[in-house]
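The values are calculated or read from the model by the stated rules, or taken from the named source; none is laboratory data. Remember, it's a predicted structure, so these values are computed and weren't measured experimentally. Backbone-built Cβ (ideal geometry, glycine too); neighbour counts: all protein chains shown. Note: accessible area is taken over every heavy atom of the protein model, side chains too, but ligands, DNA and RNA are not part of it. Shrake-Rupley method; radii C 1.70, N 1.55, O 1.52, S 1.80 Å.
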Amino acid sequence: MDVQTGSTTLKENTDVWILKYCPLFTADPVFLLWYTDTDKESTDMLLTYKTGKIFATNSLNGLKNTIVQNINSIHEFENLHHWLNDFGNQVTGKITIYDIHKIYNAIKVKNFEDEILEGLTDFINLFGDYVHQSDTNKHLKTLADNKFIRKAWDYYYEMVFWPRFNDKDRFEAWERPPFKVNVTKLLLGLEELIRCFEEHMVIVK
């Protein structure tokens, strides 16, 4: 996970974040847990069940209780219990929002504004985190390696992220080359990526 695409109120805990994910294929948003592991590589991961499926819940208010109730089937990480113990104090920070429905519909009408490209790239990175957190997920990498997906990812970093990071004033005055892509094929690749990600969720209501 690289860049925040939206926010609401909840305090972030050092290396654990709540994600609000707005799906493409179902109506209601779900909440996921993303964290940086304490391994030597500081691997970015999603909270998963021991089966490897992604933990998700429809209820933000019930998030803590849902995790506690399913603790025996969840793949625990080192700081999970510390984070749960501090959950009651987390009321002043931010949640990262992945509005997949918004991103997909914007691309469908060839809207490649910076916000949309950023949201798309963030989702690609999130999918990549899931792929790389376990060897059992490595076969999913081919979906993220789709050349149209990679073209959008490369364009965002080369034409938006790094130029803006290095010189914001110059970036804002710069008329950069437009993003050109076969939208139909980009959407097909994105649909596969989204469908795979959402099918790997187990949602606790």
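Structure above, values below:
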{"read-out": "Alpha-carbon radius of gyration plus Dmax, which is the widest Cα pair, for the chain in Å", "value": "17.5, 54"}
{"read-out": "FRET efficiency estimate (nearest 0.05) - Cβ-Cβ, residue 202 to residue 72, R0 22 angstrom", "value": "0.95"}
{"read-out": "With every protein chain in place, the chain: carbon and sulfur % of accessible area (1.4 Å)", "value": "49 percent"}
{"read-out": "Share, in percent, of DSSP beta bridges within the chain that are antiparallel, nearest 5", "value": "65 percent"}
{"read-out": "Of 165, 123, 87, the one that fluctuates the most in a GNM where the chain has Cα springs shorter than 10 Å", "value": "165"}
{"read-out": "Candidates 41, 78, 115, ranked by Gaussian network fluctuation over the chain, Cα under 10 Å, top entry", "value": "41"}
{"read-out": "Accessible area expressed per residue, the chain, with surrounding protein chains retained (probe 1.4 Å, Å²)", "value": "53 Å²"}
{"read-out": "Distance violations [Cα-Cα > 23 Å] among 110/168; 50/138; 108/138; 53/151; 20/102", "value": "110/168; 108/138; 53/151"}
{"read-out": "Neighbourhood net charge (12 Å Cβ-Cβ; Lys/Arg +1, Asp/Glu -1) for residue 193", "value": "-2"}
{"read-out": "Whole-Å distance, taken between Cα centres, linking segment 58-89 and segment 168-189", "value": "39 Å"}
{"read-out": "Segment residue 125-residue 64, length gained on full extension (0.36 nm per residue, minus Cα span)", "value": "19.4 nm"}
{"read-out": "Rounded if a/c under 1.5, otherwise prolate or oblate - segment 122-185, Cα gyration tensor axes", "value": "oblate"}
